[in-house]
Amino acid sequence: MEQMNFHKQKLYALIAGAVGLISCFLPWWSTPGISFLGQDMGGYSINGMHDLGIIAFLGFIGGIICCFIDNNKMRPFEGQIKLIAAGCFAGAALFTLIQFMRASSYTSFGIWLSLLAGIAGAVVIWVVKPEQLEKKP
């Protein structure tokens, strides 16, 4: 990981953002198939690119962009960029949670993965100190 020229805080935030982006294209809801009068009717699934899921997608994109804004990528997040990046990830997690609470039946793994990625990105940026990610001799 040291050859990637990213500080570990930014690298972990970048990974959380990538997982969040991918989770928006995975199924957030799926219904099971049913059988009626001998005919099998398949279930269906809906990905996160509907309603508030699009705002969560944009939040993950904002968090990823914040990883690349600083000229020196070997430094941790500082100042306003830290606030913006944490806000993007927290907003993505919040809108995912709102979308989950709107229709919590038949949830699938994509919405859970998006929620975890948003929380993980905000925690890595805001709660974890950069000194905790450094190697100790």
field: Size of charge dipole - the chain - debye, nearest 20, with Cβ of Lys, Arg +1 and Asp, Glu -1, no other charges
entry: 400
- request: Work from the charge dipole of the chain (Cβ charges, +1 for Lys and Arg, -1 for Asp and Glu, about the Cα centre) and give the residue of 108, 126, 45 farthest towards its positive end.
  value: 126
field: Mean projection area, nm², convex hull over Cα of the chain
entry: 10.2
- prompt: In the Gaussian network model of the chain, springs joining C-alpha atoms below 10 Å, which of 57, 95, 36 carries the largest mean-square fluctuation?
  reply: 36
message: Of the candidates 60, 109, 89, which one comes out as most mobile in a Gaussian network treatment of the chain with C-alpha springs shorter than 10 Å?
response: 109
Which of 10, 129 has the fewest Cβ neighbours within 10 Å, and the rest in rising order: 129, 10
- prompt: What ranking of 12, 106 emerges when the number of other C-beta atoms within 10 Å of each C-beta is taken as an exposure proxy, fewest first?
  reply: 106, 12
- prompt: One-quarter of the Cα convex hull surface for segment 80-137, in nm²?
  reply: 4.9
statement: For the chain, the longest principal axis of the Cα atoms and the Cα long axis of helix 53-69 enclose an angle in degrees, to the nearest 10, of 20
- prompt: Using the alpha carbon gyration tensor of segment 1-76, what are the three equivalent-ellipsoid semi-axes (square root of 5 times each eigenvalue), largest first, in whole Å?
  reply: 40, 13, 6
query: Per residue, what volume in Å³ does the Cα convex hull of segment 38-114 take up?
result: 104
- prompt: Would you list 75, 102 from fewest to most Cβ contacts within 10 Å?
  reply: 102, 75
On Cα atoms only, tilt of 79-102 relative to the major axis of the chain in degrees: 10
- prompt: Under 5 Å between amide H atoms, partner at least 5 residues away or on a different chain: which partners does residue 47 have, H built in plane at 1.01 Å?
  reply: 28
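Quick note: the coordinates plus some simple rules give every number you see, no bench work behind them. Computed from a prediction, not measured in an experiment: that's the story for all the values here. In this analysis, Cβ positions are derived from the backbone assuming ideal geometry, glycine residues included, and neighbour counts consider all displayed protein chains.
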